[in-house]
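All remarks here apply to the structure that follows.
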Amino acid sequence: MSDENTYDVIIIGSGPAGLTAAIYTSRSRLKTLMIAGSLWGGQLMLTTEVENFPGFPEGIQGPDLMNKMQRQAERLGTEILFKEATDIDLFSNPFKVKVQDRLFEGQSIIIATGASARWLGLESETRLRGRGVSTCATCDAAFFKDKKTVVVGGGDTAIEEALVLTKFVQKVMVIHRRDKLRATKALQARAFENDKIRFLWDTVVQEILGKERVEGVHVKNVKSGEESRLSTDAVFIAIGHKPNTDLFKGKIALDDKGYIIVHNETRTSVEGVFAAGDAVDYHYRQAITAAGAGCKAALDVEKYLESQES
Ligand code: NAP
């Protein structure tokens, strides 16, 4: 393999975890390749205003924040490939990463592939995606000014989505499969106090109705078995996230939900392979915690590479 395709570290993923790791490894003069994916930047690319990332007193748009991180990483020397990693060989070092027909070698790897919103798995949900079906109220709420909307789920994400929607829409119906929310008490209290939010308990969405656009949902009460229809202009699915770790199945240890198992903060089950961000963390899931984890992974890579030299 030519030196040109050999790196000290290959970072897979380009959200806050991956880009922070890249800033650190490049600044430490480690030859760094980031395989960013074709839809680079992670979940912040789907958000609008970010008000809780330190350093931006007026807030910043999610994509602007990611552009700044990307420019910073590139200025410090990170090479970025805006393609998907298609295969990976972690059985021997140097590790090998395939990107279509190109092969790259890395002395170390940082996995920062993040997580994606989960879907209900209905045909109608796929067909009407972007036509009233969404997983991001922050991105899409403004399209439904004074309209009726539905949020599916009962966790923090669902309640946050419902609260975001109330700034724009006429009404939000939260449809939850149980009769108790999983969301934190503080969020629950805000939702219960909000006149625009109503709850439909013990209910699942069986179908999203509408040909060209969302017109309603077909729901079923799981206790009584009763089925009914509800008219709505939009359905926001907020039933959790799935880690983007399919590429690593059978290659590093994952838990039963597919999250990467780490020890000592960032170390995976394969020596020399590190992980950071939402592919590991299902609890905090914040840009700043992902960035912090990316920094730790980069520092751990540095130590690992030093130990390999001595
Ligand atoms: P979550 O806590 O796993 O909640 C998912 C919700 O969706 C649950 O209420 C679950 O119902 C429901 N659900 C799952 N699969 C479903 C299905 N197939 N059909 C219908 N309903 C389904 O996920 P999350 O709300 O995305 O939160 C994930 C983590 O991020 C949590 O740790 C959360 O605290 C954190 N988070 C924090 C904040 C914040 O602090 N502001 C904001 C967002 C997220 P059940 O309750 O019956 O299981």
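No lab work stands behind these numbers, since they all come straight from the coordinates. Everything numeric here is computed off the predicted structure, so don't read it as measured data. Here the Cβ is made from the backbone with ideal geometry for all residues, glycine too, and neighbour counts use every protein chain on show.
Placing unit charges on each Cβ (+1 for Lys and Arg, -1 for Asp and Glu) gives segment 119-237 a dipole about its Cα centre, and among 206, 237, 119 the Cα reaching farthest toward its positive end belongs to 237.
Run lengths n ≥ 4 of DSSP H only: what is the helix-derived mean residue ellipticity at 222 nm for the chain, with -39500 (n - 2.57) per run over all residues, to the nearest 500? Taken over the chain, the calculation gives -7500 deg cm²/dmol.
Highest mean first, the peptides 205-212, 276-283 sorted by other C-beta atoms within 10 Å per residue fall in the order 276-283, 205-212.
With neighbours defined as other Cβ atoms within 10 Å of a residue's Cβ, the residues 173, 66 order from fewest to most as 173, 66.
Could you work out the relative contact order of segment 231-293, using alpha carbon pairs under 8 angstrom and six or more residues apart, expressed as a whole percent? Here the relative contact order equals 24 percent.
Using equal-weight Cα scatterers in the Debye expression, the normalised intensity of segment 119-237 in log10 at q = 0.10, 0.15, 0.22, 0.23 Å⁻¹ is -0.25, -0.58, -1.28, -1.39.
Across all C-alpha atoms in the chain, the radius of gyration and Dmax reach 21.4, 69 Å. Peptide packing: for 129-137, 4-12, 68-76, the average count of neighbouring Cβ atoms within 10 Å per residue gives the ranking 4-12, 129-137, 68-76, highest mean first. Each eigenvalue of the Cα gyration tensor of segment 159-217, multiplied by 5 and square-rooted, gives one semi-axis; in descending order these are 22, 16, 8 Å. Around the Cα centre of the chain, unit charges on the Cβ atoms of Lys, Arg, Asp and Glu (plus for the first two, minus for the last two) sum to a dipole of about 920 debye. Of 83/257; 223/257; 147/223; 68/303; 211/257, which pairs sit farther than 32 Å apart, going by alpha carbon to alpha carbon? Violating the 32 Å Cα-Cα cut-off are 211/257. Each Lys or Arg adds one and each Asp or Glu takes one away; over the other residues whose Cβ falls under 13 Å from the Cβ of residue 128, this sums to -2.
For segment 119-237, DSSP calls about 40 percent of its internal beta bridges antiparallel. Between helix 16-27 and the chain there is an angle of about 20 degrees, using the helix long axis and the longest principal axis of the Cα atoms. Among 144, 56, 82, the largest mean-square fluctuation in a Gaussian network model of the chain, built with springs joining Cα atoms closer than 10 Å, belongs to 56.
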